[in-house]
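Enquirer: Here it is, the structure in full.
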Amino acid sequence: MAEASRTFHTILLPSFSHLHKAQSPAGFTDFPRKRCGHRIVVHCSVSTTNDASRTKTTVTQNMIPWGCEIDSLENASTLQKWLSDSGLPPQKMAIQKVDVGERGLVALKNIRKGEKLLFVPPSLVITADSKWSCPEAGEVLKQCSVPDWPLLATYLISEASFEKSSRWSNYISALPRQPYSLLYWTRAELDRYLEASQIRERAIERITNVIGTYNDLRLRIFSKYPDLFPEEVFNMETFKWSFGILFSRLVRLPSMDGRVALVPWADMLNHSCEVETFLDYDKSSQGVVFTTDRQYQPGEQVFISYGKKSNGELLLSYGFVPREGTNPSDSVELPLSLKKSDKCYKEKLEALRKYGLSA
Ligand SMILES: C[S@@+](CC[C@H](N)C(=O)[O-])C[C@H]1O[C@@H](n2cnc3c(N)ncnc32)[C@H](O)[C@@H]1O
């Protein structure tokens, strides 16, 4: 979440361009053309065919056959049980329906200001080094030096397609089937609702980047290994989903050298503009934690900060806008231009520089 989406531009695009140059990556052809069995296949057509090695699920266009409704608690208790069975220590919070953000973490007990909460162990955190249910697919991406963002997007789809045989199945079942994201907005909606906003251009750029990233992966990798990356599973629709999940849930952990990670449980925390605390890896307790900057009574929703972002930036990455007048970090970008032919060019330039602006 916090700050992670900024890295999409700075990390993904420059390093991904090297994939273009890598016509024949080292070891590229050495991988066995092996099929990873028992995965769900996403069909965007009406079909009822059965295949011995794969469970085929027919879905209507634009529907992802995993996850749950964004406002549903249907898989929340299974997620909580799986997390505690897998090493999450007893928590002072639980997933509940909330007024701000559909689902969120709510205090079960008194929580003091300055208390460390969560303690999600590294074994429950998804990073670019997580083990693949289909190790051959992971090997191919690593050999091709695919950067973290597209690697994680592909990993998430791959694990989702393995359903119960993936170790993350309880986590993925509790993820929204369609995250709130500008990636799902049509061009007409962007033009209409973001008409006067700089965010419109950034949203179009982001959508273009996601489409470009998927097309690059398809061209350079998926088409060469169709058994590992079948198009019924790895397609534009599933990538829109996985990037929507990453934009709205990925965190950058400063104490882990800025690594990006999906942190189950911690990613149920919603954002408040009033709160200053954020998630990080705590070396002493060896888990992802945050330290409360206020006290909470039982029944109160607990928040973190996704960063000091404007309403537009929150909409761009997380698909929501805080209530009007509640975001002290809100700002708008005003493009300024100064012509050299302007009679007061020097004075205006000086005035701009004084406030840290350039012409
Ligand atoms: C990291 S997830 C938090 C958990 C999420 N509410 C859920 O049910 O899965 C981030 C998403 O939560 C929602 N969200 C977080 N903070 C919010 C807020 N202050 N107001 C409205 N929605 C919020 C947005 O949909 C955002 O994309």
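The values are calculated or read from the model by the stated rules, or taken from the named source; none is laboratory data. Just so it is clear, the model here is predicted, and its values are computed rather than measured. Cβ: placed from backbone, ideal geometry, glycine included. Neighbour counts: every protein chain shown. Please note that ligands, DNA and RNA were not included when accessible areas were found on the heavy atoms of the full protein model with its side chains. Shrake-Rupley method; radii C 1.70, N 1.55, O 1.52, S 1.80 Å.
Enquirer: Sorted by packing (mean other beta-carbon atoms within 10 Å per residue), highest first, where do 342-348, 194-200, 231-237 land?
Expert: Working: 342-348: 11.3, 194-200: 15.7, 231-237: 17.7.
In descending order of packing, they fall as 231-237, 194-200, 342-348.
Enquirer: Exceeding 26 Å between C-alpha atoms, which entries from my cross-link table qualify? They are 131/164; 81/109; 308/339; 309/343; 131/308. Intermediate values should be presented prior to the final figure.
Expert: Values: 131/164 15 Å; 81/109 19 Å; 308/339 33 Å; 309/343 37 Å; 131/308 33 Å.
Violating the 26 Å Cα-Cα cut-off are 308/339; 309/343; 131/308.
Enquirer: Highest mean first, how do 89-102, 251-264 rank when packing is the count of other Cβ atoms within 10 Å averaged over residues? Walk me through the intermediate numbers first.
Expert: Values: 89-102: 15.4, 251-264: 18.9.
By packing density, highest mean first, the sequence is 251-264, 89-102.
Enquirer: Consider a paramagnetic label point 7 Å from the Cα of residue 123 along Cα→Cβ; state which residues of segment 138-168 have an amide N under 15 Å from it.
Expert: Those under the cut-off are 167-168.
Enquirer: While we're looking at this one, here's another question. Assign one of three labels to segment 139-210, namely rounded, prolate or oblate, based on the Cα gyration tensor with a ≥ b ≥ c the square roots of its eigenvalues; rounded applies when a/c is under 1.5, prolate when it is not and a/b is larger than b/c, and oblate otherwise. Mind showing how you got there, number by number?
Expert: Details: a/c = 4.07, a/b = 1.73, b/c = 2.35.
Taking the square roots of the gyration eigenvalues as a ≥ b ≥ c, segment 139-210 is oblate.
Enquirer: Follow-up. Would you kindly derive the ³J(HN,Hα) couplings of segment 98-110 from the backbone phi angles with the Karplus curve 6.51 cos²θ - 1.76 cosθ + 1.60 (θ = phi - 60°), listing them in order in whole Hz, with x for Gly and Pro?
Expert: Going residue by residue, I get 9, 6, 10, x, 6, 10, x, 9, 10, 5, 9, 9, 5 Hz, with x marking Gly and Pro.
Enquirer: Moving on to the next point. Amide H neighbours of residue 108 under 5 Å, counting only residues 5+ apart in sequence or on other chains, H built in-plane at 1.01 Å?
Expert: Counting only residues 5 or more places away or on other chains, the set is 93, 94, 299.
Enquirer: Just tell me which lysines come within less than 25 Å, Cα to Cα, of residue 340; anything on the same chain fewer than 8 places away is out.
Expert: List returned: 348, 354.
Enquirer: Got a number for carbon plus sulfur as a percent of segment 217-273's accessible area, 1.4 Å probe?
Expert: Using a 1.4 Å probe with all protein chains present, segment 217-273 comes out at 46 percent carbon and sulfur.
Enquirer: Hey, another quick one. If we sort 124-130, 73-79 on the protection proxy, mean other Cβ atoms within 10 Å, highest first, what's the order? Could the numbers behind the result be given before it?
Expert: Details: 124-130: 18.3, 73-79: 15.7.
The most tightly packed comes first, giving 124-130, 73-79.
Enquirer: Next up: Placing one identical point scatterer on every Cα of segment 59-126 and ignoring solvent, what is log10 I(q)/I(0) from the Debye formula at q = 0.13, 0.29 Å⁻¹?
Expert: -0.49, -1.31
Enquirer: To continue, here is another question. Have a look at the DSSP beta bridges in segment 201-359 and tell me what percent are antiparallel, nearest 5. All intermediate terms of the calculation are to be shown ahead of the outcome.
Expert: Working: 6 of 8 bridges.
Antiparallel: roughly 75 percent of the beta bridges in segment 201-359.
Enquirer: Here's a follow-up. For residue 278, what accessible surface area do you get with a 1.4 Å probe? Give it in Å², rounded to 10.
Expert: Ignoring ligands and nucleic acids, residue 278 comes out at about 110 Å².
Enquirer: Mind ranking 313, 69 by accessible surface for me, highest first, 1.4 Å probe? Intermediate results must be reported in sequence, preceding the final value.
Expert: Numbers: 313 60, 69 90 Å².
Per-residue accessible area, sorted high to low, gives 69, 313.
Enquirer: Could you give the length gained on full extension between residue 208 and residue 73, defined as 0.36 nm per residue of separation minus the Cα-Cα distance, in nm?
Expert: Numbers: separation 135, 0.36 × 135 = 48.60 nm, distance 3.29 nm.
Result for the pair: 45.3 nm of gain on full extension.
Enquirer: In whole angstrom, how far apart do the alpha carbon centroids of segment 118-176 and segment 246-285 sit?
Expert: 18 Å
Enquirer: For residue 274 and residue 113 in the same chain, what is the full-extension length gain: residue separation times 0.36 nm, less their Cα-Cα distance, in nm? Walk me through the numbers on the way to the answer.
Expert: Details: separation 161, 0.36 × 161 = 57.96 nm, distance 1.42 nm.
Gain on extension, residue 274 to residue 113, equals 56.5 nm.
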